[in-house]
């Protein structure tokens, strides 16, 4: 806990309050997004998995609509 409180004291922009950490969180979010796009586990990454799941959902919706009509 000492490390965290020391970091908070050192981090500039005290007059902005908690909003002074927004640039830090923006950079961390961008790094997370970059890793989700570019890092692969085997042959897949997050977006490949998402697109596959979404395609299955669309096909299932179309099949349900075709069966009900």
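The values are calculated or read from the model by the stated rules, or taken from the named source; none is laboratory data. Computed from a prediction, not measured in an experiment: that's the story for all the values here. Glycine also receives a Cβ, built like all others from the backbone with ideal geometry; neighbour counts cover every protein chain displayed.
Residue 42: exposed (fewer than 10 other Cβ atoms within 10 Å of the Cβ), at pLDDT below 85 and either on the phi > 0 side of the Ramachandran plot or within 15 Å of the chain's Cα centre (by Cα) (or both), yes or no? So residue 42 fits the description; yes. Would a scan of segment 45-56 turn up a residue that is surrounded by fewer than 10 Cβ atoms within 10 Å (Cβ to Cβ) and in contact with a helix residue (DSSP H, G or I) (Cβ under 9 Å, 6 or more places away or on another chain)? Looking through segment 45-56, none of the residues is surrounded by fewer than 10 Cβ atoms within 10 Å (Cβ to Cβ) and in contact with a helix residue (DSSP H, G or I) (Cβ under 9 Å, 6 or more places away or on another chain).
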